[in-house]
Amino acid sequence: MQTDIARLLLLYTGGTIGMMPSERGYTPVSGYLERQLEAMPQFHDKTMPRLTTPPSRFGKRIRYDVLEYAHPIDSAYMDVQDWVQIAHLIEQHYDAYDAFVILHGTDTMAYTASALSFMLEDLAKTVILTGSQIPLSQSSNDAIENLLGAMTLAGHYEIPEVCLFFRGHLYRGNRTQKVDAAGLQAFDSGNLPPLATTGTHIQVDWDLIRSVPRKPFRVQTITNRDVAAVRIFPGIRADALANFLKPPIQGLVLETYGSGNFPANRLDLMEVLRLATERGVVIVNCTQCHKGMVNSDYAAGSALYDVGVISGSDMTPEATLTKLAYLLSQDLPTDEIKQQMQRSLRGERSEPQNQTRFSFRERAFLDSVARTISSIASSDDKVHLERTLYPVLLCAASEIGDLEGIQRMLDDGADINARDYNGRTPLHVAAAAGQAHTVQLLLQHGASPLVADRSGRTPIDEAHLHQHPDVIALFK
Ligand code: ASN
């Protein structure tokens, strides 16, 4: 296997991971982290002139530079200007590196991840935030595992999103919340499964990962800090709520009970909300619960919409607050901000599903699309449709082992080595899914086991990675 090198920028902003004990408790120490990494064989191969990891089992090394905040901070000190600074650092170094890992304290990591996800527009590279609950300076820690996991994912996979990696799970950053003050499983993403998990092997859920944008990357900074969040509690005073909504506040995250319920019988509170929305304040209803979404199932919740509050669906308060700040930082009319708040911009909220959704995994769906293509008479349209759809359909059919469907598409002239948007061929997909009969069929029809996908992996690598001995045997 040839050794190739991924270039990674490791940005250290602070947090427990690089802290040392002091008289007043743990505190970040400048320069410590880089010195420490240089001395650790997992993070630096001493035969290499610059910070470089040893080759991974895919034969890839990660060469990285550590860029440290002038004064690394506890993430409780993070402010809007820090988010902007991080976004600008990524922008400055965007072309020089393949991926970015940001070391950050856990306390406000979910806020920074959410804010960055909005500010980094049309991001085409992997950005992963991580940190730890126990400092690297302690002999037993979660720092090594988290940092190594984040670097491995960033160095091997092209995941064009702002992610957060912790304790073996890669999450979409704007879906995360800190859920444990001291436990090592400190983060969770209540409304979206992890994008990837690491363990004996790495499992990436490509169906969840956003596709690479077509437009060039740019940074749109957050400059507006006229936003607030208020957690409703029984007995809340109307003037307390009114204080949260006073000018210059322009956006409020209203954290309500359960599926978006509010004490709607309290006319004093309802009046405060109505007056604020009439003034143009954007008030978004979010649940206090870690899982689930707001809806109009109860009268106690739907009354809010009558006074101009909008639904935050299943967004976290962290994502809602930073999204409000991001939208308010642009010169947009209030109606446009409200519309965008109710749409997914970076996968931070689930799209409404009032229509029946067809899954690419359903045989009947694949079959009907493939049949429609093959029945088209005009040759120009047909060639165009085939080129666009067959690679995706073939990959989908290979994942579920739909031999008949694959055969029909091949008979109809589909290219067996065509790639989907991740550069993966049907053979990659079948090998990863352990579909031995499909692998056999594809090989018989001349599929190549040696083509590399966008992350540099061949179908043979996939079979090894996902440990499918029957598929490995076929390749041999
Ligand atoms: N107070 C620390 C921070 O957020 C907590 C941590 O990183 N585990 O910076």
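The values are calculated or read from the model by the stated rules, or taken from the named source; none is laboratory data. Nothing here was measured: the structure is a model prediction, and the numbers come from that model. Quick reminder, even Gly has a Cβ in these numbers, built from the backbone with ideal geometry, and neighbours come from all protein chains shown.
Can you find a residue that is surrounded by fewer than 20 Cβ atoms within 10 Å (Cβ to Cβ) and of a type in the set (Lys, Arg) anywhere in the stretch 375-387? Looking through the stretch 375-387, at least one residue is surrounded by fewer than 20 Cβ atoms within 10 Å (Cβ to Cβ) and of a type in the set (Lys, Arg). Considering only residues in the stretch 99-127 that are part of a helix (DSSP H, G or I), of a type in the set (Ser, Thr, Tyr) and farther than 18 Å from Glu68 by Cβ, the one that is nearest to the ligand (Cβ to nearest atom) turns out to be Tyr111.
Yes or no, residue by residue, for (1) over 16 Å from Asp415 (Cα atoms); (2) touching a residue at least 40 places away in the same chain (Cβ under 8 Å); (3) polar (S, T, N, Q):
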site: Leu442; (1), (2), (3): no, yes, no
site: Pro449; (1), (2), (3): no, no, no
site: Thr458; (1), (2), (3): yes, no, yes
site: Pro469; (1), (2), (3): yes, no, no
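State whether one or more residues within the stretch 29-38 are out of contact with any Gly (no Cβ under 7 Å at 6 or more places or on another chain), within 22 Å of Ser117 (Cβ to Cβ) and within 16 Å of the ligand (Cβ to nearest atom). No: the stretch 29-38 contains no residue that is out of contact with any Gly (no Cβ under 7 Å at 6 or more places or on another chain), within 22 Å of Ser117 (Cβ to Cβ) and within 16 Å of the ligand (Cβ to nearest atom).
Working only within the stretch 147-182, note down all residues that are small (Gly, Ala, Ser) and either more than 10 Å from Thr126 (Cβ to Cβ) or in the same structural domain as Tyr326 (by TED's automatic domain parsing) (or both). Hits for the stretch 147-182 are Gly149, Gly168, Gly173, Ala181, Ala182. Of all residues in the stretch 188-221, exactly one satisfies the criterion of being under 17 Å from Ala99 (Cα atoms) and hydroxyl-bearing (Ser, Thr, Tyr), namely Ser211. Give me the residue from the stretch 9-41 that is surrounded by 14 or more Cβ atoms within 10 Å (Cβ to Cβ) and either among the polar types (S, T, N, Q) or in the same structural domain as His466 (by TED's automatic domain parsing) (or both) and, out of that set, nearest to the chain's Cα centre (by Cα). The extreme case among them is Thr13. If the condition is being within 29 Å of the chain's Cα centre (by Cα) and assigned to a loop (DSSP other than H, G, I, E, B), then the stretch 42-55 contributes Gln42, Phe43, His44, Leu51, Thr53, Pro54, Pro55.
Residues that are surrounded by 17 or more Cβ atoms within 10 Å (Cβ to Cβ) and modelled with pLDDT under 95 do occur in the stretch 302-310, at least one of them.
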